[in-house]
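Here the structure comes first, spelled out in structure tokens, and everything after it is commentary.
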Amino acid sequence: MKSAQLKTKSSDKTGYLMSLPYVIYFGLFIGFPLVFSFILIFHKWNIVTPMQWIGLRNFYRLFHDVQFFIAIRNTLVFLVIHIPLQIFTALLLAILLNQKIKLKGFFRALYFLPVIVSGVVITILWQQLFAYETGLLNLLLTKLGLSKIPWLINIKWAMPSIAIMATWKNVGLYIVLFLVGLQGIPRYLYEAAEIDGARPVQQFFHITIPALNSTMVLVVILSTIGGFSLFIEPFVMTGGGPMNSTLSVMLYIYNQAFYFGHMGYAATLGFFFAFIILIVVLIQKKFVERKD
């Protein structure tokens with residue numbers, strides 16, 4: 001009996017020791033920053049000078065900050081462009097890669113490559129492609145006898161250009177998700193539909209799309225969270241311009257914290273924006289549960 005208790009205590013100690021690195025990691029890199037950021041909400045601080053208690057003044061400033069709501073609008077515009085484009089592109093490529101074609105494995109790896117490459121590297125690459133005078137895209141348009149497009153220097157084109165680039169970067173991940181969904185659809189459903197005389201388009205809308213419903217929801221949620229986190233692309237490609245047309249919420253928070261030194265206000269913006277994301281995710285969750 002005593003030996004069994006000793007073994008249990010020994011295994012408990014081993015378990016605690018094994019989990020200790022994760023607890024330390026969580027405390028140092030998640031727990032402490034979260035608590036410290038919450039404290040900053042009620043203070044004015046620029047890293048150099050001591051903290052100054054200001055109560056709820058940061059919240060008052062937030063609700064009167066026109067530029068912050070411009071950043072929210074820009075982020076929503078990005079989501080409206082990016083999510084449908086992401087779903088359409090990923091689903092189309094997944095269907096093509098699910099067919100019996102040569103070098104299927106090579107193309108799957110090729111499309112997934114941008115996902116694992118540094119976001120900064122890819123953004124710089126696309127910045128060169130979008131360059132008005134020397135960019136490859138405008139050179140191709142000129143060769144075809146078409147006018148150049150001011151991709152990143154026009155307020156109407158800048159955010160769609162970033163959405164195109166973000167779609168290309170992330171499409172590999174969503175191709176994998178759709179491929180898993182497509183390969184899980186029983187083949188006999190298509191065979192039965194063919195016997196009944198259903199055309200490929202009818203099979204797509206009446207078999208493929210309904211079967212991919214859960215995958216589609218997952219893609220929408222992941223794309224939404226990723227879209228709300230938009231930062232590297234506007235930071236590197238446009239700096240939030242032209243005329244704040246690509247200023248995302250994350251970029252605005254970054255500017256407040258590290259460009260202007262308004263740490264307390266940046267923390268307030270971060271918590272408020274996290275609350276908005278939580279509300280959106282909960283609405284999506286409720287919608288999915290109701291649909292199920």
Have a look at I225, I276, I283 and point out the one that is under 24 Å from V176 (Cα atoms) and surrounded by fewer than 20 Cβ atoms within 10 Å (Cβ to Cβ). I225
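Report, by residue number, each residue of segment 85-116 that is in a helix (DSSP H, G or I) and either under 28 Å from F271 (Cα atoms) or among the β-branched types (V, I, T) (or both).
Listed by number, the residues that qualify are Q86, I87, T89, I95, V115, I116.
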Has segment 257-273 got at least one residue that is polar (S, T, N, Q), closer than 22 Å to L129 by Cα and at pLDDT 90 or above? no
Please work out which one of (1) in the same structural domain as N170 (by the TED database); (2) touching a Gly at 6+ places or on another chain (Cβ under 6 Å) is the condition Q67 fails and give its number. (2)
Those residues of segment 13-63 which are part of a loop (DSSP other than H, G, I, E, B) and not aliphatic (A, V, I, L, M) amount to F42, W45, N46, T49, P50, G55
In the set S214, S223, the lone residue that is modelled with pLDDT of 90 or more, assigned by the TED database to the domain that holds L76 and under 20 Å from the mean Cα position of the chain (by Cα) is S223
Selected residue [outside the structural domain of F271 (by the TED database) and in contact with a helix residue (DSSP H, G or I) (Cβ under 8 Å, 6 or more places away or on another chain)] from I30, I54: I54
Pair list, Cβ < 7 Å and 6+ apart or interchain, from segment 174-202 residues that are free of Cβ contacts under 8 Å to residues at least 12 places away in the same chain and over 28 Å from L110 (Cα atoms) to residues that are in a helix (DSSP H, G or I) and of a type in the set (V, I, T): none
In segment 162-175, is there at least one residue being closer than 19 Å to F231 by Cβ, of a type in the set (G, A, S) and in the same structural domain as T134 (by the TED database)? yes
Residue count for segment 203-216, restricted to those that are without any contact (Cβ under 8 Å) to a residue 40 or more places away in the chain and touching a Gly at 6+ places or on another chain (Cβ under 6 Å): 1
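Residues are listed down the side, and each one gets a yes or a no for (1) hydrophobic (A, V, I, L, M, F, W, C); (2) surrounded by 18 or more Cβ atoms within 10 Å (Cβ to Cβ):
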{"site": "G135", "(1), (2)": "no, yes"}
{"site": "A192", "(1), (2)": "yes, no"}
{"site": "A198", "(1), (2)": "yes, no"}
{"site": "Q203", "(1), (2)": "no, no"}
{"site": "P210", "(1), (2)": "no, no"}
Within segment 109-129, does at least one residue satisfy the condition of being without any contact (Cβ under 8 Å) to a residue 24 or more places away in the chain, surrounded by 12 or more Cβ atoms within 10 Å (Cβ to Cβ) and of a type in the set (F, W, Y)? no
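For segment 155-169, which residues satisfy the criterion of being part of a helix (DSSP H, G or I) and either of a type in the set (A, V, I, L, M, F, W, C) or buried (at least 23 other Cβ atoms within 10 Å of the Cβ) (or both)? Working first, answer last.
Filtering segment 155-169 for residues part of a helix (DSSP H, G or I) gives 158-169.
Within segment 155-169, A158, M159, S161, I162, A163, I164, M165, A166, W168 meet the criteria.
The values are calculated or read from the model by the stated rules, or taken from the named source; none is laboratory data. Just so it is clear, the model here is predicted, and its values are computed rather than measured. When we count neighbours, we look across all protein chains shown, and the Cβ atoms used for this are built from the backbone with ideal geometry, even at glycine.
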